[in-house]
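Asker: One structure follows; several queries about it will come next.
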Amino acid sequence: MTTLDLAPAIAAIRSRPEEFEFSNDTLHHPRSRHRFRFIGEDGVQIDAACDCSLLRASPQQAKAFHAAYREWHASYWRPFEINREFASHFGPPPLWRRVAIWLLGRLLSRPPSAGPSTLKTAVPLQPVS
């Protein structure tokens with residue numbers, strides 16, 4: 001049986017790691033719309049809208065692709081996720097919090113009422129006249 005040659009995918013994940021994404025236990029290549037799910041050490045399931053998914057990869061190439069994926073995940077994807085999470089800690093606060101801060105600022109910066117008070121206030125231990 002003829003097998004699918006994974007050499008282009010292996011070369012791409014090594015030379016252009018930014019073209020790949022990982023989610024739901026699946027490696028994605030958005031530009032080509034190919035998805036790869038690893039089955040054991042020497043198996044890979046390929047999901048594609050084209051005929052690429054009709055052929056199976058050889059166990060040797062699937063193993064080499066899996067090794068390239070593990071290297072990509074450790075050296076590119078995991079640091080990318082950590083940096084993205086770190087950056088989110090320093091982003092602007094959520095909208096509800098910005099509105100609450102603005103409202104509190106408006107309430108605290110309100111000028112006192114314009115006219116003098118007509119109410120007489122008692123001073124402690126002083127007779128009221």
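Asker: Assuming R0 = 35 Å, can you tell me the calculated FRET efficiency for the pair residue 86 and residue 33, based on Cβ-Cβ distance, to the nearest 0.05?
Answerer: 0.70
Asker: Please compute the modelled spin-label separation between residue 76 and residue 58, points set 7 Å along Cα→Cβ, answer in nm with one decimal.
Answerer: 2.4 nm
Asker: Turning to a different aspect of this structure: Tell me which of 65, 54, 91 sits at the most positive position along the dipole axis of the chain, charges placed on C-beta atoms (Lys, Arg +1; Asp, Glu -1).
Answerer: 91
Asker: Using only the Cα atoms of the chain, build the gyration tensor, take square roots of its eigenvalues as a ≥ b ≥ c, and label the shape rounded, prolate or oblate: rounded if a/c is under 1.5, else prolate if a/b is larger than b/c, else oblate.
Answerer: Note, shape of the chain comes out prolate.
Asker: Still on this model: Let's see if you can work this out: charge +1 on each Lys and Arg Cβ, -1 on each Asp and Glu Cβ, no other charges. What is the dipole magnitude of the chain about its Cα centre, in debye to the nearest 20?
Answerer: The dipole magnitude comes to about 920 debye.
Asker: Please give the length that would be gained between residue 25 and residue 108 if that part of the chain were fully extended, namely 0.36 nm times their separation in residues minus their C-alpha to C-alpha distance (nm, one decimal).
Answerer: 24.8 nm
Asker: A further question on this structure: Over the chain, what is the relative contact order in whole percent, taking alpha-carbon pairs under 8 Å and six or more residues apart?
Answerer: Answer for the chain is 19 percent.
Asker: Skipping prolines and chain starts, which residues have an amide H placed within reach, meaning under 5 Å, of the one on residue 34, given they are 5 or more residues away or on another chain?
Answerer: Here the answer is 29, since their amide H atoms fall under 5 Å of that of residue 34.
Asker: Something else about it: Points 7 angstrom from Cα along the Cβ direction at residue 101 and residue 51: gap in nanometres?
Answerer: Between residue 101 and residue 51, the simple spin-label model gives 5.8 nm.
Coordinate-derived values only; no laboratory data. The model shown is predicted, which means the values in this text are computed figures rather than measured ones. Neighbour counts run over all protein chains shown; Cβ positions are idealised from the backbone, glycine included.
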